[in-house]
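**Student:** The structure is given below, and queries will be raised subsequently.
All of the numbers you see were taken from the coordinates with simple rules; none came from a lab. Because the structure is a prediction, the values reported are computed rather than measured. With ideal geometry, Cβ positions are generated from the backbone for all residues, glycine too; neighbour counts draw on all protein chains shown.
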Amino acid sequence: MNLIDVYKTFKTDDECLEYLAKLRWPDGIRCLTCGSDKVRQYESPTKKQPTRKIYQCQEPTCKEQFTATSGTIFHDTHLPLTKWFMALALIVDAKKGISAKQIQRHLSVGYKTAWYLAHRIRQAMQETDRPKLAGTVEIDETYVGGRQRGYKAKLKNKDVVMGIRERGGDLRLVHIESNSAQHLAEQIREHVATNAKAVVTDEWPAYIPAFIASGIKGNQHKTIRHRDKVYVQGEVHTNTVENAFSLFKRGLIGQFHQVSIKHLQRYLTEFEYRFNRREIVNRFEETLARMTCTKPMPFTNLTADERV
């Protein structure tokens, strides 16, 4: 569903709420507290929402009141759902991402509103319990952050982003503390199956102990030596994961210009999520369904100092 389809289909908040209810309860509305299907809908207008509707559980011991957005990422939002839907359509189809300033201009909202909105959508893109990559897997790192003076200086001035991509399969983008064997091994154990067909990296020496710690055997590990100006040797290369890095870097430079390291993983999650669904037509519907299952993210939690 593209932006024009969203505009034509969801012209009012009532239409948005009805669609969210169908996504959230495909087999009929159920109470969020007790799970009962004995639910009635009531008119509950307010000054800001003259057509507001609520659900109430009819179980005598419950009587809980809720709406289609209760307990979701939309909970207590003051922004019209029509603008939420348009923002989602823009983000899921923006190959190189879209900045909060652009969302601000498109939706005629404040910058803080656009920034907060975009981060809540990214929160819904986070995935857990994913299968490990088991085919031919490419692993590489790229560096994001301050200015670089010389090759070794990037280890001091930049943060490390690790890319793991299975050829013909999914991508993982992870912000890691350093490119040491310990931190590389943590991500390899989490994302790569020990029976992977092959694992291809460049010649960074930390990969050898990282693979040993991860249970990857020596005959599975293939190395391409970039320092010798060699980039492809038959099936041995890291071009596939580097293509994904290139897309992220173009978005970082051309769209966002700069991002907070505190929120870097959320931006990486957005690019990973969109990249893995680049061939899927119903990205909008799938992401919207995920948003109905994502818990609220208060603004204070998003901006809190993680060091405290």
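**Student:** Mind checking which of 68, 302, 207 is farthest towards the positive end of the chain's charge dipole, using Cβ charges of +1 (Lys, Arg) and -1 (Asp, Glu) about the Cα centre?
**Tutor:** Of the candidates, 302 comes out farthest on the positive side.
**Student:** Using the Kirkwood radius over Cα pairs, work out the Stokes-Einstein diffusion coefficient for segment 237-301 at 4 °C and 1.567 mPa s, in µm²/s as a whole number. Kindly include the intermediate steps, with their values, before the conclusion.
**Tutor:** Details: Rh = 13.9 Å.
Roughly 93 µm²/s, to the nearest whole number.
**Student:** Next question, about the same structure. With both partners inside the chain, how many of the DSSP beta bridges are antiparallel, as a percent to the nearest 5?
**Tutor:** Taking every DSSP beta bridge within the chain, about 75 percent pair in antiparallel fashion.
**Student:** Alpha carbons only, please: Rg and Dmax for segment 47-86, in angstrom.
**Tutor:** 12.5, 40
**Student:** Under Stokes-Einstein, with the Kirkwood radius over Cα pairs standing in for Rh, what whole-number D in µm²/s applies to segment 198-243 at 20 °C and 1.002 mPa s?
**Tutor:** 194
**Student:** Of the peptides 130-138, 70-78, how do they stack up when ordered by the mean number of other Cβ atoms within 10 Å, highest first? Write out the running numbers ahead of the final one.
**Tutor:** Details: 130-138: 17.9, 70-78: 15.0.
Ranking the peptides 130-138, 70-78 by packing returns 130-138, 70-78.
**Student:** A follow-up question, please. Between the helical axis of 111-124 and the dominant principal axis of the chain, each derived from Cα atoms, what acute angle in degrees is found, rounded to the nearest 10?
**Tutor:** The helix 111-124 is inclined about 70 degrees to the chain.
**Student:** Can I ask one more? Dipole size in debye (nearest 20) for the chain around its Cα centre, Lys and Arg Cβ +1, Asp and Glu Cβ -1? Write down the numbers at each step before the final one.
**Tutor:** On the way: 49 positive and 35 negative charges, 188 e Å.
The dipole magnitude comes to about 900 debye.
**Student:** Next up: With a bin width of 5 angstrom, please list the P(r) values of segment 3-124 as percents of all Cα-Cα pairs, from the 0 bin to the one holding the largest distance.
**Tutor:** Taking every Cα pair in segment 3-124, the percentages come to 2, 10, 19, 20, 18, 14, 9, 6, 2, 1, 0.
**Student:** Could you calculate the contour length gain from residue 93 to residue 70, that is, 0.36 nm times the residue separation minus the distance between their Cα atoms, to one decimal place in nm?
**Tutor:** Going from the current span to full extension adds 5.6 nm.
**Student:** Return 207, 19 ranked ascending by Cβ neighbour count within 10 Å, so the fewest neighbours appear first.
**Tutor:** Values: 207 24, 19 18.
Least to most surrounded, the residues fall as 19, 207.
**Student:** What span do the alpha-carbon atoms of segment 194-308 cover on each of the three principal axes, reported in whole Å from largest to smallest?
**Tutor:** Principal axes ranked by extent give 47, 42, 33 Å for the Cα atoms.
**Student:** Right, another one. Measuring from the lowest to the highest alpha carbon on each principal axis, how far does the chain reach, largest first, in angstroms?
**Tutor:** The Cα atoms of the chain stretch 71, 42, 40 Å along their principal axes.
**Student:** Based on the Kirkwood radius over alpha-carbon pairs, what is the Stokes-Einstein translational diffusion coefficient of segment 136-246 at 4 °C with 1.567 mPa s viscosity, in µm²/s?
**Tutor:** Answer from the Stokes-Einstein relation: 91 µm²/s.
**Student:** For residue 112 and residue 219, what is the calculated FRET efficiency with R₀ set at 45 Å and r taken between the beta-carbons, to the nearest 0.05?
**Tutor:** Given R0 = 45 Å and the Cβ-Cβ separation, E is 0.25.
**Student:** Just to compare against my own numbers: the Cα pair-distance distribution for segment 65-167, 10 Å bins, whole % per bin, please.
**Tutor:** Pairs per bin, as whole percents: 12, 28, 28, 25, 8, 1, 0.
**Student:** Of 112/132; 112/156; 112/295, which ones are farther than 25 Å apart at the Cα?
**Tutor:** Too far apart for the 25 Å limit: 112/132; 112/156.
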